[in-house]
Every structure is written in structure tokens, then in C-alpha cells.
Amino acid sequence: MNYYNENTNKIRRRKVSSNDSLSKTAKSSSKIERNVSVNNIKKEDYRKKSSRVKKKSKRFDVYKLIKPIMCISLVALILISVVGSVLTILSLKGAPKVTRELIEDNYISSQVISVDKMPSDLKNALVAIEDERFYEHKGVDIQALLRSVVHNIFSETTQGGSTIEMQISKNLLTNDEKSIKRKIRDIYNAFQMNKIMSKEEILGVYLNNVYFGKSSYGVAKASQTYFGKDVEDLSLAQCAMLVGITNNPAKYLDHREAKKRQETILYKMHELGYITDEEYKESLREEVPFKSEIE
């Protein structure tokens, strides 16, 4: 008896053959997928490498551009420093040593009043409008000086950057000459003043010698000329008025112009915290006629 069934065997062979085919197809697909994945990874790596190369190339190009600029700037800075040093040495050659005696010997006013007798409002008004960082710097306000230089270069109007000490130097120790030499001397003198005098003493020197118009040098004489009273008796409004006149005595002889300047100073004092809201409002309302307008 033959147990071999040819038909059944054929069916089995077909099934085995079919399974082998599916297995091969699956392996082929898996291989293709792996190849695609590897290719994608390679492409991504290439992109990253390419991107890094481009970035390095850009950085290199920027460096090549910046390097000569930095070199030129450094050379220019060195040249400016050298020229500045030479100018400073030449400007200070023969300049007298700044001492209390030298400053006092050059006083313009014959009516000198102690700084202790000057109202705080008078000194605060001066600082607020002329040199608001007076108590912070050592004779020269670098920020104000640079601002004035930039302003004068790019504007048709001129702006000063002088501190109170530099103005004292110009009034008592140098002159009105508009030159770099004089400016350098004023800066040097301003630094020296801060080494030998207190800030209060410096304010006293300024207020005792500054010109107020009407042949009045110093606040003692100006107080009598404009208001007929002693300095210690001046009100806040009058202090601000007097300080305002020093900016341009010829212009502020006119009371209306002087009043406008006074209001600017009061506003600045209020802004910087030297006076309260109430003091500011009262001072604006206060009548401050010049003595010449009353008589």
C-alpha cells in the first residue's frame, strides 16, 4: 500500500516555496530599509558637516575683515595717546602749581563772604544748573565733556562741558582763550583743586568771584545790587534768580529773561530733589523784582 500522496506533497511544496518567497521578500525589504536609513544618516551627517564648514568659513571671513580694522584702530589709539601726551606736556609747561594761596591771590571780588554764610539754596541752585554731578566727580565730568564734544561736532550750536572747578580755573588761573592748551590747563587745575580743597570751599570760591553783571563780581555785591539785601537773607526764588544771571549777564539784565532762567533752575532743583513740591510751587509764585525796578 502506497501512502505517498503526490497531490498533497505538491501542495506542501507550494506552501514551503511560498513561505520562502515571503521570507526573502521581507529580508529584502528590511535590507532596503536599512540601506535607506543609512543613506539618510549619511546625508544628515553631510549636511551637518557642510553647515559647520560654512559657519567656519563665515567666521574666518569676518575675522579677516575685523583684523585689519582692529589693527588700524589700535594704531590710531596709540597715535592719539602719543599726541595727547605731547600736547598735555607742552600745555602744562610753565604752569604754576595750584595752591590755596595762588587761588586767593587771584580773587577778583573785593567783597568776599564765607561759604558758611551762603544759603544752601544758593549753592544747590548753582550745582543743579551748572554741574549736577559736582559732588560725584573729582574736578572733571567725563560724561559731560564727551557729550559736549559730540554735540559740538554734529550741531551748529555749542555746548560746554566745563565743571565748576574748570570754570574757576578759567576765571582765576588761565583766561578766556579758546584753545586746546587752555582747556588742558583747566582740566589739570580742576583735578588739583579737588586735592587741596573741599567741595564746599570750591563753591565758595566760585560764588565769590563769578560775574553777575552791573559791575558786580561775587554774590555778596550782586545780592545788594539786585535785591538790596545780604546774601544770607536771600530767599530760594532770589537765589535761583541770581545764579541764573551768571550764565549770560548781558541777556539776563532784562527781568523777563532772568525770570525764565530762574524757572528753569527751580525746575532742575526740583527734578534733582533739592527742593520739595511745595517749595517749588511757592518759589514760582514768589515775586522777585530787581531793586532797580522798585526804586
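Using a Förster distance of 41 Å, how high is the FRET efficiency between K260 and R100, based on the Cβ-Cβ distance and rounded to 0.05?
Calculated transfer efficiency: 0.65.
Just how far, in whole angstrom, is the stretch 167-241 from the stretch 244-269 if you go by their alpha carbon centroids?
Cα centroid of the stretch 244-269 versus Cα centroid of the stretch 167-241: 16 Å apart.
With the Cα gyration tensor of the stretch 86-138 giving a ≥ b ≥ c as the square roots of its eigenvalues, does the rule (a/c under 1.5 for rounded; else a/b larger than b/c for prolate; else oblate) give rounded, prolate or oblate?
Cα axes put the stretch 86-138 in the oblate bin.
Which value in nm describes the separation of the simple spin-label points at A250 and E282, placed 7 Å from the Cα toward the beta carbon?
Inter-label distance under the simple model: 3.8 nm.
Using +1 on the beta carbon of Lys and Arg, -1 on that of Asp and Glu, and nothing else charged, what's the dipole of the stretch 239-287 about the Cα centre, debye to 20?
I would put it at about 300 debye.
Of K195/K229; K117/K251; K170/K221; K123/K221; K170/K229, which ones are farther than 24 Å apart at the Cα?
Over 24 Å apart, Cα to Cα: K195/K229; K117/K251; K170/K229.
Sort the following peptides by mean Cβ neighbour count (other Cβ atoms within 10 Å, averaged over residues), highest first: 195-201, 120-126.
120-126, 195-201
Convex hull volume of the Cα atoms in the stretch 186-295, per residue, in Å³?
With only Cα atoms used, the stretch 186-295 gives 121 Å³ per residue.
Tell me, what is the FRET efficiency for S148 and I78 to the nearest 0.05, using R0 = 41 angstrom and their Cβ-Cβ distance as r?
Once rounded, the FRET efficiency stands at 0.95.
Of the peptides 224-233, 211-220, how do they stack up when ordered by the mean number of other Cβ atoms within 10 Å, highest first?
211-220, 224-233
How far apart, in nm, are two points set 7 Å out from the Cα along the Cα-to-Cβ line at L92 and at Y107?
2.9 nm
Bear in mind these aren't lab numbers, they're just calculated from the coordinates by the rules spelled out. None of these values were measured; they are calculated from a predicted model. Here the Cβ is made from the backbone with ideal geometry for all residues, glycine too, and neighbour counts use every protein chain on show.
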